Amino acid sequence: MARYRLSEPARADIAGALRTSETMHGADARLRYRALLTAAMRRIAADPVSPVSVDCSDLFDGLRSYHIRHSRSDGREAPVGHPVHVIFYRAAEAGVIEIVRVLHERMLPSRHVEGNP
């Protein structure tokens, strides 16, 4: 299994998503959403080319995406009702998956994922 690391934009994306989750749904929801994001990133590291991931090479070579709804049953927390984020990632080096961005499903990746990082 590979390990994953977060880019600075991905860290900021996650912090923003968790702030929004807490503001809209409370502290418990923030904890459950964080657990879901972590479960999704672990699943990506375990199987970077999973059949539920999507090739996004049109944005840059090697980029893939994974909607976190596919990890709803992976966590120990109560399930999140309607997860709305997509993780964009790439193989950075042998055994390392870089989480490039974590975007709301309504955001256009072409506006937020720039060239080959």
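For this structure, a couple of remarks:
- Within region 49-98, being at pLDDT below 90, exposed (fewer than 13 other Cβ atoms within 10 Å of the Cβ) and either basic (Lys, Arg) or touching a strand residue (DSSP E or B) at 6+ places or on another chain (Cβ under 7 Å) (or both) holds for one residue alone: Arg76.
- Filter result (charged (D, E, K, R) and more than 13 Å from the chain's Cα centre (by Cα)) within region 42-86: Asp47, Asp55, Asp58, Asp61, Asp74, Arg76, Glu77
- When Val86 is tested against (1) touching a helix residue (DSSP H, G or I) at 6+ places or on another chain (Cβ under 6 Å); (2) in contact (Cβ under 8 Å) with a residue 12 or more places away in the chain, just one condition goes unmet, and that condition is (1).
- The residues on offer are Arg111, Arg19, and the sole one that is surrounded by fewer than 17 Cβ atoms within 10 Å (Cβ to Cβ), at pLDDT 95 or above and more than 20 Å from Tyr4 (Cβ to Cβ) is Arg19.
- All positions within region 20-78 that are touching a helix residue (DSSP H, G or I) at 6+ places or on another chain (Cβ under 7 Å), of a type outside the set (Ser, Thr, Tyr), closer than 14 Å to Phe88 by Cβ and not in a helix (DSSP H, G or I): Cys56, Leu59
- Residue tally, condition under 13 Å from Arg64 (Cβ atoms) and either under 13 Å from the mean Cα position of the chain (by Cα) or not aliphatic (A, V, I, L, M) (or both), over region 87-101: 9
The values are calculated or read from the model by the stated rules, or taken from the named source; none is laboratory data. Computed from a prediction, not measured in an experiment: that's the story for all the values here. FYI the Cβ positions are ideal-geometry reconstructions off the backbone, even for glycines, and counts take in every protein chain you see.
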